[in-house]
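Below is one structure, written out as structure tokens, with a few remarks after it.
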Amino acid sequence: LSFKTGASEAAAEKMSIDSTGAVTMTSTGTTNNLRLISTDTSGSSAPDLKFYRSPGEAGADNDYLGRIDFAGNNDAGTPEEIDYVQMYAQIEDATDGEEGAKFFVNSFVGGAAVERMRFLESETTFNDGGANLDFRVEGSNFSSLLHVNAGDDSVYINNTIGAAQAHDSYDERFG
């Protein structure tokens with residue numbers, strides 16, 4: 001099924017639905033390409049966007065629930081489509097009454113996809129793959145209130161790299 005706009009001889013396809021139900025929408029504009037508008041005035045949440053995986057059977061541990069890809073072309077001679085950022089969710093535990101989820105955020109670094117954040121039932125992990133990616137928290141007075149430097153496996157507090165003593169002992173506790 002194809003939806004087109006413009007004069008019939010020059011009509012451009014703007015939306016299509018293929019035989020599997022997959023929908024493709026195309027826009028030449030830079031404004032919001034998809035808007036969900038609710039005119040509800042109650043205190044309820046709206047509009048809502050829900051990703052629901054319903055295979056017609058019970059869910060299982062590690063089932064994927066959905067993925068969002070932020071894609072664009074690189075600058076190769078023949079541009080390649082790259083999923084620069086991916087977010088996806090999985091069922092960690094499908095047991096009734098004990099349900100749990102996993103959520104991951106990946107992004108391209110140096111030409112390869114790298115897991116940046118991992119949210120599990122038991123922990124939240126940054127840089128689980130051990131890439132050379134630093135983690136920094138800014139404060140009101142310090143640009144590096146907390147700085148975890150992956151390149152030298154050090155933690156810096158209230159200062160920038162090299163300006164304060166690094167604490168690189170695995171069993172050191174603060175606070």
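Give me a comma-separated list of calculated 3J(HN,Hα) values for the range 57-72, in order, Karplus coefficients 6.51, -1.76, 1.60 applied at θ = phi - 60°, integers in Hz, x for any Gly or Pro.
Each residue's phi maps through the Karplus curve to give 8, 4, x, 10, 3, 6, 4, 6, 9, x, 8, 10, 10, 9, 10, x Hz.
With all protein chains present, how much of the accessible area of the range 1-134 (probe radius 1.4 Å) comes from carbon and sulfur, to the nearest whole percent?
Of the solvent-accessible surface of the range 1-134, carbon and sulfur hold 49 percent.
Just to confirm, what accessible area per residue do you get for the chain at 1.4 Å probe, in whole Å²?
76 Å²
Between the range 65-115 and the range 1-61, how far is it from one alpha carbon centroid to the other, in angstrom?
Taking the Cα centre of each part, the range 65-115 and the range 1-61 sit 20 Å apart.
Taking K102 as the anchor, which lysines have their alpha carbon closer than 23 Å to its alpha carbon, excluding any fewer than eight residues away along the same chain?
K50
Please list, ordered by chain and number, the residues whose modelled amide H lies under 5 Å from the amide H of E92; skip anything fewer than 5 residues away on the same chain.
Here the answer is N62, G100, A101, K102, since their amide H atoms fall under 5 Å of that of E92.
If r is the Cβ-Cβ distance from M25 to I82 and R0 is 30 Å, what FRET efficiency results, to the nearest 0.05?
Computed FRET efficiency for M25 and I82: 0.90.
For A101 and F70, what does the FRET efficiency come to when R0 = 22 Å and r is the distance between their Cβ atoms, rounded to the nearest 0.05?
Calculated transfer efficiency: 0.60.
What lysines sit close enough to K4 to cross-link, taking a C-alpha to C-alpha distance under 21 Å and skipping anything fewer than 8 places away on the same chain?
Cα-Cα hits under 21 Å: K14.
Any chance you could look up the accessible area of S44 with a 1.4 Å probe, heavy atoms only, rounded to 10 Å²?
Only protein atoms counted, so the area is about 80 Å².
The values are calculated or read from the model by the stated rules, or taken from the named source; none is laboratory data. The structure presented is a predicted model; accordingly, all values stated were derived computationally and were not measured. Glycine also receives a Cβ, built like all others from the backbone with ideal geometry; neighbour counts cover every protein chain displayed. Note: accessible area is taken over every heavy atom of the protein model, side chains too, but ligands, DNA and RNA are not part of it. Shrake-Rupley method; radii C 1.70, N 1.55, O 1.52, S 1.80 Å.
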